Amino acid sequence: MTAPRDVQRHRRIIDVHLLLTRDSQVLLSLRQGGYASGQWQVPSGHLEAGEPTDHGTVREGWEEIGVRVDPDHLELAHVIDHRAPGEDPRFGIFYRAHSWDGEPYNAEPDKCGGLSRFPLSDIPVEIVSYHAAVLRHISAGRTSSKYGWGPEEA
């Protein structure tokens, strides 16, 4: 089956996310200013043009929380097709690091209000909504989901 000629290919922003877990706890950063200010999130950012997703995740880990991760030490944990009202759809990729060099710290104090670890079973209420959904899916063993598309989502 071929697509009709008048159908345009969809282009999306890709978000990359770095999961650092230790002792059943996940590291979260507190957004400060701009989108979702005052809410917790998994350290993340946008993929740059021409950049593989694992390398973008490694770069964001260094830029945001000062840790060095070897791309070979990443495991794909979850993918999410998500959108917020009034915004273009995005595709989010969550990688779990099996190991990293350095202790996480707030490397972007102008954008981040701090770092903290939370039990995966007890994430804060003040968290970016699709991050909360992804953490629930990961805890349930699901590797993909969608968010913001309609009432059928969990």
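The values are calculated or read from the model by the stated rules, or taken from the named source; none is laboratory data. Model, not experiment: these values are computed from the prediction. As a convention, Cβ positions derive from the backbone with ideal geometry for all residues, glycine included, and neighbour counts pool all protein chains shown.
Take region 48-78 and flag every residue that is of a type in the set (Asp, Glu), surrounded by 15 or more Cβ atoms within 10 Å (Cβ to Cβ) and out of contact with any strand residue (DSSP E or B) (no Cβ under 6 Å at 6 or more places or on another chain).
51, 64
In this structure, is residue 152 over 20 Å from residue 16 (Cα atoms) and either touching a Lys or Arg at 6+ places or on another chain (Cβ under 6 Å) or modelled with pLDDT under 95 (or both)? Show your work before the answer.
Values: over 20 Å from residue 16 (Cα atoms): yes; either touching a Lys or Arg at 6+ places or on another chain (Cβ under 6 Å) or modelled with pLDDT under 95 (or both): yes.
Criteria met by residue 152.
Of all residues being acidic (Asp, Glu) and without any contact (Cβ under 8 Å) to a residue 24 or more places away in the chain in region 81-124, which is farthest from residue 149 (Cα to Cα)? Just the residue, please.
Going through the qualifying residues, I end up with 122.
Which one is surrounded by the fewest Cβ atoms within 10 Å (Cβ to Cβ), of the residues in region 27-46 that are under 11 Å from the mean Cα position of the chain (by Cα) and over 19 Å from residue 118 (Cα atoms)?
Out of the qualifying residues, it is 46.
Filter region 119-154 for residues that are of a type outside the set (A, V, I, L, M, F, W, C), over 23 Å from residue 75 (Cβ atoms) and either touching a Pro at 6+ places or on another chain (Cβ under 6 Å) or surrounded by 10 or more Cβ atoms within 10 Å (Cβ to Cβ) (or both) and give the result.
Residues satisfying the conditions are 124, 126, 129, 148, 153.
When residue 96 is evaluated against the numbered criteria (1) over 16 Å from residue 123 (Cβ atoms); (2) among the basic types (Lys, Arg); (3) in a strand (DSSP E or B), which criterion, by number, is the only one it fails?
(1)
Of everything in region 79-97 that's within 10 Å of the chain's Cα centre (by Cα) and surrounded by 21 or more Cβ atoms within 10 Å (Cβ to Cβ), which residue is farthest from residue 19 (Cα to Cα)?
So, considering only residues that are within 10 Å of the chain's Cα centre (by Cα) and surrounded by 21 or more Cβ atoms within 10 Å (Cβ to Cβ), the one farthest from residue 19 (Cα to Cα) is 80.
Across region 123-154, what is the total count of residues that are among the polar types (S, T, N, Q) and assigned to a helix (DSSP H, G or I)?
Final tally of qualifying residues: 2.
Taking region 99-118 as the search range and keeping residues that are of a type in the set (Gly, Ala, Ser) and assigned to a loop (DSSP other than H, G, I, E, B), which one is surrounded by the most Cβ atoms within 10 Å (Cβ to Cβ)?
So in region 99-118, the residues of a type in the set (Gly, Ala, Ser) come out as 99, 102, 107, 113-114, 116.
Okay, now just the ones that are also assigned to a loop (DSSP other than H, G, I, E, B), so 99, 102, 107.
Details: 99: 11, 102: 13, 107: 18.
Among them, the one singled out is 107.
Among 105, 35, which is the only one that is modelled with pLDDT under 95 and of a type in the set (Phe, Trp, Tyr)?
Exactly one residue qualifies, and that residue is 35.
Tally the residues that are touching a Lys or Arg at 6+ places or on another chain (Cβ under 8 Å) and either assigned to a loop (DSSP other than H, G, I, E, B) or acidic (Asp, Glu) (or both), restricting the search to region 65-77.
1
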